[in-house]
Amino acid sequence: AASGPPRGDRGGFGGRGRGRGSRGRGRGGPRGRGRGDKDEKQGWTPCTRLGRLVQAGKIKSIEECYVHSMNIKEAEIVDHLLGSAMKDDVMRIKPVQKQTRAGQRTRFKAIVAIGDSAGHIGLGVKVAKEVATAIRGAIILAKLSVIPVRLGYWGNKIGVPHTVPCKVTGKCGSVMMRLIPAPRGTGIVGANVPKKLLQMAGIDDVYTCARGSTATVGNFAKATYMAIRNTYTYLTPDLWSIELTTPHPFVEHADFLLRADKSK
């Protein structure tokens with residue numbers, strides 16, 4: 001007579017028994033609030049023409065992208081041009097819920113600001129099932145939304161620019177944020193949320209005026225970001241005589257891009 005399965009086995013189930021074997025209850029490696037692996041940046045393969053020019057060293061500053069109005073569609077471009085000067089700060093992490101047939105689906109919303117304290121600022125918002133995934137996605141979106149910050153003076157033009165060039169306003173939802181030039185040495189007069197963004201943007205002295213529901217951190221941060229972005233949308237007389245004399249990088253390096261496309 002054929003002998004039955006060994007005592008430790010449950011016939012047909014591959015000897016799993018009651019335990020989960022090597023799987024355990026975990027879902028893979030360590031989670032935590034990861035900011036992404038550094039090894040991923042080393043193997044960057046550009047997908048856009050701008051990325052190929054940056055990787056080849058044809059474009060050496062992010063200001064060239066702004067001057068020629070080129071869209072940055074890869075976060076690695078910002079990493080390559082600005083490097084380790086960019087620092088990120090998680091402004092807020094909160095759970096958000098959606099009602100479904102099976103009940104409530106909970107996800108996490110991350111708001112991340114990124115800046116180099118020298119005239120560049122970005123803001124990203126991402127929703128994901130896990131906190132670490134939301135933070136990584138928000139950092140990538142913040143890098144894609146990096147904008148230049150225009151600085152100016154209050155009164156005489158002595159020393160380096162230290163404040164906003166004029167009164168600017170940004171709005172998001174019910175929150176309206178106004179930035180007002182301030183004398184040197186005043187510091188940033190404002191709440192904690194706009195103070196972080198303004199410090200990361202490299203603004204030393206400014207008065208702020210906020211209206212609306214400023215308890216909503218997301219809208220408060222976005223309104224401040226929009227106000228900072230508007231510093232370059234106001235055309236002052238000192239910018240009237242500036243003309244673009246350099247050719248567009250896609251035209252200047254057309255032969256290089258053509259060779260790169262053929263080598264694929």
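Can you work out the FRET efficiency for the pair residue 98 and residue 144, with r the C-beta to C-beta distance and R0 = 22 Å, to the nearest 0.05?
The pair residue 98/residue 144 has a calculated efficiency of 0.30.
Hey, any idea what % of region 138-178's accessible area is carbon plus sulfur with a 1.4 Å probe?
62 percent
In nm, to one decimal, how far is the residue 157 label point from the residue 211 one, both placed 7 Å along Cα→Cβ?
Between residue 157 and residue 211, the label points sit 3.3 nm apart.
Tally Lys and Arg at +1 and Asp and Glu at -1 over the other residues with C-beta under 13 Å from the C-beta of residue 123: what net charge comes out?
Result for the local shell: +4.
Quick one: go through region 225-250 and flag any residue whose amide nitrogen is under 11 Å from the point 7 Å out along the Cα-to-Cβ line of residue 56.
Correct set: 250.
I want the local charge near residue 148. Using Cβ-Cβ distances under 13 Å, sum +1 for each Lys or Arg and -1 for each Asp or Glu among the other residues.
My count for the surroundings of residue 148 gives -1.
Just the number please: accessible area per residue for region 186-264, 1.4 Å probe, all protein chains included, in Å².
That works out to 61 Å² per residue.
Give me the one-decimal nm value for the distance between modelled label points at residue 178 and residue 260, 7 Å along each residue's Cα-to-Cβ direction.
4.6 nm
Using DSSP, restrict attention to beta bridges with both residues in region 88-232 and report what percent are antiparallel, rounded to the nearest 5.
Looking only at bridges with both residues in region 88-232, the antiparallel portion is about 95 percent.
Whose amide H sits under 5 Å from the amide H of residue 188, counting only residues 5 or more places off or on another chain, with H placed in the peptide plane?
Under 5 Å from the amide H of residue 188 lie the amide H atoms of 206, each far enough along the sequence or on another chain.
As a quick test, which of the pairs 167/196; 109/222; 73/196; 94/171; 98/143; 60/196 have an alpha carbon distance above 24 angstrom in this structure?
As for pairs spanning more than 24 Å Cα to Cα, those are 73/196; 98/143; 60/196.
The values are calculated or read from the model by the stated rules, or taken from the named source; none is laboratory data. Every value quoted in this text rests on a predicted model; they were computed, and no experiment measured them. Positions of Cβ are generated from backbone atoms using ideal geometry, with glycine treated the same way; all protein chains shown enter the neighbour counts. These area figures cover heavy atoms from the full protein model, side chains too; ligands, DNA and RNA do not enter into them. Shrake-Rupley method; radii C 1.70, N 1.55, O 1.52, S 1.80 Å.
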